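The values are calculated or read from the model by the stated rules, or taken from the named source; none is laboratory data. Worth saying up front: this structure is predicted, and the values here are computed from it rather than measured. Here the Cβ is made from the backbone with ideal geometry for all residues, glycine too, and neighbour counts use every protein chain on show. The accessibility values were calculated without ligands, DNA or RNA, using every heavy atom of the protein model including side chains. Shrake-Rupley method; radii C 1.70, N 1.55, O 1.52, S 1.80 Å.
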Amino acid sequence: MCLVLPAGHSYAPPVELEVRHLRALCAIADAGSVRKAALQLGMTQPSLTTQLRRIEGAVGGLLFTRGQTGSRPTPLGHSVLSRARPIIAEMSALMAAARDAAAGAGGARLRVGSLGGRVVTGWLRRLHARLPDTDVAIHIEVSAGTLLQLLATNQLDVAFVHETEGFPLLVPPGVGQRVLMTREPRFVALSVTHPAAAHPVVGIAELADDAWIVDPAADHEWSALQRAFTTAGIDPRLVHVRDTTTAADLVASGEAVRACQPTAEAGPGTVLRPLYGDPLTVELSLATRPGALTTQELDSLFHDLADAYRSLAYANPTYRSWLHRNGGMPPHA
């Protein structure tokens, strides 16, 4: 029997799937197009397209639909991706562990993760002072869920995370948490020219006519705001902004307001005010992966974090007043 190929096609035997192929599939799914994925992977678009066709030949079906809006996973693609991502995570964990073992002879290493915020700088300063011979690596994320996954896959040792009240984090099995603050309030950043800036405490309904800045990548930020808006009976406009400099400029100009950490520093032309009734709160905790640290080491790390946080909290007049009204910092912090 003779196999006749269509014009312009050549025969290529099916590939045996490797980790690099799985990474390519995930890159296409995350980027939304073969072209963007090829740029991220350092490949040409034709090379990645050819690789994708051979992968699809190996699995026996289309993994992505291609259109003017980009590439989207098919049902088969979703099934393959759901199995590919854990494999990639495990491979990353294996490589991280191997690098740690290889670097072990050069000294101790501590891998720290955190969400962004001013407390990170003070925490790192204390860690460096207490552990001068330890290589402290910092990884900043906007998502607490991502930090917890990095802990679970042995890519971090500890992480400072926030959990929005009413929206529990999915904590991987074995990952431990030590609570720093059970209910840290979210304040609102306003322009100094905003009418509500003259008030020591601001009702969320007073800001119904303002545009609110939301970071779409932050865990549950939009959901928590929406719940607070619904409770207050308002439906304000939203502005999706990920760049902190742009967000600060929009607030200072009076174009928008935004929720912020109470330890934040008011930028030029802005003020921070508590929200009446504290409709937006988060729990702060230090999370750690199983077996990463001894109890004594974890105690010391937690003490450094709590000391850094307390120093910032009481140096901020607005937050200091809030703490005095609400019983101060908890004893364990």
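Descriptive notes on the structure:
- Summing Cβ point charges (Lys, Arg +1; Asp, Glu -1) relative to the Cα centre of segment 156-311 gives a dipole of roughly 160 debye.
- Note on Arg109 and Val201: the extension gain reaches 28.7 nm, defined as 0.36 nm multiplied by sequence separation minus the Cα-Cα distance.
- Fraction of beta bridges assigned by DSSP in the chain that are antiparallel (%, nearest 5): 60
- The local environment of Leu115, defined by Cβ-Cβ distances under 15 Å, has a net charge of -4 under the rule Lys, Arg +1 and Asp, Glu -1.
- Prolate/oblate/rounded label for segment 265-312 (Cα gyration tensor, a/c 1.5): prolate
- Cα gyration tensor shape for segment 19-87, rounded if a/c is under 1.5, else prolate or oblate: rounded
- For the chain, a simple Cβ point-charge model (Lys and Arg +1, Asp and Glu -1, everything else neutral) yields a dipole of about 640 debye relative to the Cα centre.
- Ratio of the Cα radius of gyration of the chain to 2.2 N^0.38 Å, where N counts its residues: 1.22
- Between Thr134 and Leu62, the distance separating the two model label sites (each 7 Å from Cα on the Cα→Cβ line) works out to 5.3 nm.
- Those residues of segment 250-275 whose amide nitrogen sits under 19 Å from the label point placed on Asp243, 7 Å along Cα→Cβ: 250-258, 267-268
- Accessible surface of the chain [probe 1.4 Å, protein heavy atoms]: carbon and sulfur percent: 55
- The distance separating the Cα centre of segment 164-216 from that of segment 258-290 comes to 6 Å.
- The simple Förster model, with R0 at 35 Å and r as the Cβ-Cβ distance, assigns Ser311 and Asp30 a FRET efficiency of 0.35.
- Longest DSSP-loop-exposure-free segment, GluC sites (Glu not before Pro), the chain, at most 14 other Cβ within 10 Å: 19-254
- FRET efficiency, Glu16 to Thr74 (Cβ-Cβ, R0 22 Å, nearest 0.05): 0.50
- Multiplying the residue separation of Val179 and Val142 by 0.36 nm and subtracting their alpha-carbon distance yields 11.4 nm.
- Probe 1.4 Å, protein heavy atoms only - accessible area per residue of the chain in square angstrom: 53
- With 0.36 nm allotted per residue and the present C-alpha distance subtracted, the Ser300-Arg325 stretch has 6.1 nm of extension available.
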